[in-house]
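Structure first, commentary second.
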Amino acid sequence: MPTSIANVATDAAPRYAKQLAAHLGRRSAVEELADGGYRLTLTAGEGVLEPQADKLVMRATAPDDESLAVVQDVLGRHLERFGQRRELVVTWESAG
C-alpha cells in the first residue's frame, strides 16, 4: 500500500493534531491513540497524526497512488489552513 510521511515543524504539534482530528472527525472516523496521536479513517485511505516535541508527523496510507494523493491533500490542506499564521508548510515524502 502506498504510504507517505510529512514532518511539519511546529512547537504546537499536540494542538494542531487535536484540531485536525476534531475537524476531520465530523466526516470521518477518528481513533485517539495511546501516544497522544490520532488515526483518521478517510474515504480514500488513512491518516495518522503523531505529535512530537518539535514537529507533527503525518502518515498517509491508501490502496493506490490516486487515493494517496487525496489523503495527502485533505490532511495537508487543512493543516496549512489551521497553521496559516505560523506559516506551516506540509511536504510529503514517499515512505515506501
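Here, each number is a calculation from the coordinates, and none is a lab measurement. Keep in mind that what you see is a predicted model, and the values were worked out from it rather than measured. Positions of Cβ are backbone-derived with ideal geometry, glycine not excepted, and every protein chain shown enters the neighbour counts.
If we count trypsin sites (Lys or Arg not before Pro) as exposed when they sit in a DSSP loop and have at most 14 other beta carbons within 10 Å, what is the longest stretch of the chain that avoids them all?
Details: sites that count: 26, 27, 85, 86.
By the stated rule (loop sites, at most 14 other Cβ atoms within 10 Å), 28-84.
Considering the chain as a Gaussian network with a 10 Å cut-off on Cα pairs, which listed residue, 51, 63, 14, attains the greatest mean-square fluctuation?
Top of the fluctuation ranking is 63.
Per DSSP H run of at least 4 residues, take -39500 (n - 2.57); add these up for the chain, divide by its residues and hand me the 222 nm value, nearest 500 deg cm²/dmol.
-10000 deg cm²/dmol
Read through the labelled values (1) 55, 21, 7; (2) 19, 15, 12; (3) 17, 15, 13 and report the label of the one computed as semi-axes √(5λ) of the Cα gyration tensor in Å from the structure.
Checked against the structure: label (2).
Treating the angle as unsigned and between 0 and 90°, give the value, to the nearest 10°, between the Cα long axis of helix 13-24 and the longest Cα principal axis of the chain.
In the chain, helix 13-24 runs at an angle near 50 degrees to the longest axis.
Which of 33, 49, 79 moves the most in a Gaussian network model of the chain with Cα springs under 10 Å?
33
Going by alpha carbons, how many degrees (0 to 90, nearest 10) lie between the helix axis of 65-82 and the longest principal axis of the chain?
Tilt of helix 65-82: around 20 degrees.
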